[in-house]
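Chemist: Sharing a structure, written as structure tokens. Questions coming.
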Amino acid sequence: MGTQFTHYTVMKNEAVDALECRDGLIYVDCTLGGGGHSELILNRISPNGKLYAFDIDDDAISYASERLKEYKNLTIIKDSYINIKSALSKYGVDKITGGVLLDLGASYHQLTKQERGFSFSKEAPLDMRFDMSADFSAYDVVNSYKEEELVKIFSEYGEERFSKRIAKAIVNRRNQSPLKTTTELAELIVKSTPHIKSSIHPATRVFQAIRIEVNGELKNVKKVLTDVLDLLDYGAIISVISFHSLEDRIVKKIFKYEAQKCRCNEMICKCEPPRIELVNKKPITASEEEIKINPPSRSAKLRVVRYIKQK
């Protein structure tokens, strides 16, 4: 199982450099994946630093556990990062003293493993779950959501201009028989939209939207950032990599709000001092060399903040 796992670690050095890793402190990698970021953090915080790494993907955990088996200061937690508070408290951690890394991209392995149903180029069941033990899948979205609900998620999460046409075509088709595979859905999308010259496949945005809905990705980003801010100790750093504009917008908005001196807009400000400071005003992007090796890294944006409120 482990040897079949493929994952390219995006902006590995930039994201970990931003954490300013120090021996003896507590760090969290919210998205273990193939263990690339975790391994670099562990190298920099050993022997006395502690890393807690989260993932819900059994393949990722199996692969990373083998890759990082030499590190005694690593704890891998099979749980979603949205449960970061309760999960860490089970290990007696109530404060993150060093920093948190959050890589919001789905792994290459998840997106290309045929039976997971993320790709429209490979015939597979409509699935798209990151957590294979979850009950809710892409099949449920496609075959049970009302037409207006489909329009909403395709528009908001996929920024798909032909959302109404596609939603209508899905509902008309499933009234005859349920849509079961990725290729059935992709072909339906192609047939129901105008032929436009583009380097992007017509199904790309809809598949992205369904994946976000199935895994609650945008809601999860808000929740984890809110919870992490409650857990950080003075001087600790958050390093966040996002891969599409919707996620980056949420990260940017939360960080901007929390870094403002005044958040009340009253004549006489009664706000508490800001909790964080922006380490980089503009997002850091992948280098030209990295983009050549791994083209999807072109869309990655790294935002970094430091917790500055005295407890």
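The values are calculated or read from the model by the stated rules, or taken from the named source; none is laboratory data. Because the structure is a prediction, the values reported are computed rather than measured. No Cβ is skipped: glycine too gets one built from the backbone with ideal geometry, and neighbour counts run over all protein chains shown. Note: accessible area is taken over every heavy atom of the protein model, side chains too, but ligands, DNA and RNA are not part of it. Shrake-Rupley method; radii C 1.70, N 1.55, O 1.52, S 1.80 Å.
Chemist: Kindly indicate whether any position in segment 171-184 is more than 22 Å from Cys30 (Cα to Cα), modelled with pLDDT under 95 and open to solvent by less than 10 Å² (accessible area, probe 1.4 Å).
Modeler: yes
Chemist: Another question, if that's okay. Can you tell me which residue is most open to solvent (accessible area, probe 1.4 Å) among those in segment 299-308 that are at pLDDT 90 or above and within 19 Å of Leu104 (Cβ to Cβ)?
Modeler: The residue in question is Lys301.
Chemist: Being free of Cβ contacts under 8 Å to residues at least 24 places away in the same chain and of a type in the set (Ser, Thr, Tyr) is the filter here, so list the residues in segment 164-185 that pass it.
Modeler: Ser177, the sole residue that qualifies.
Chemist: Taking into account only those residues within segment 223-252 that are of a type in the set (Asp, Glu) and in a helix (DSSP H, G or I), which is nearest to Glu149 (Cα to Cα)?
Modeler: Narrowing segment 223-252 to residues of a type in the set (Asp, Glu): 227, 230, 233, 247-248.
Going one step further and asking which of them are in a helix (DSSP H, G or I), we end up with 227, 230, 247-248.
Details: Asp227: 29, Asp230: 33, Glu247: 20, Asp248: 23 Å.
Among residues in segment 223-252 that are of a type in the set (Asp, Glu) and in a helix (DSSP H, G or I), the one nearest to Glu149 (Cα to Cα) is Glu247.
Chemist: Moving on. Among what's in segment 66-115 and is at pLDDT below 95 and β-branched (Val, Ile, Thr), pick the residue that is surrounded by the most Cβ atoms within 10 Å (Cβ to Cβ).
Modeler: Top of the filtered list is Ile82.
Chemist: Same structure again: What are the residues in segment 1-58 that are among the small types (Gly, Ala, Ser) and at pLDDT 90 or above, if any? Explain how you work it out, then say what you get.
Modeler: Of segment 1-58, the ones among the small types (Gly, Ala, Ser) are 2, 15, 18, 24, 33-36, 38, 46, 49, 53.
Once the filter is applied, which keeps residues that are among the small types (Gly, Ala, Ser) and at pLDDT 90 or above, segment 1-58 yields Ala15, Ala18, Gly24, Gly35, Gly36, Ser38, Ser46, Gly49, Ala53.
Residues checked against (1) modelled with pLDDT under 95; (2) open to solvent by less than 20 Å² (accessible area, probe 1.4 Å); (3) not in a helix (DSSP H, G or I):
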position	(1), (2), (3)
Ile254	no, no, no
Cys262	yes, no, yes
Lys270	yes, no, yes
Asn280	yes, no, yes
Ser297	yes, yes, no
Gln310	yes, no, yes
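Chemist: So which residues in segment 241-290 are of a type in the set (Ser, Thr, Tyr) and under 19 Å from Ala18 (Cα atoms)?
Modeler: Taking segment 241-290 and keeping what is of a type in the set (Ser, Thr, Tyr), we get 242, 245, 257, 285, 287.
Ser242, Thr285, Ser287, listed by residue number.
Chemist: Go through (1) buried (at least 20 other Cβ atoms within 10 Å of the Cβ); (2) within 28 Å of Met128 (Cα to Cα) and name the single condition Leu232 misses.
Modeler: All conditions are met except number (2).
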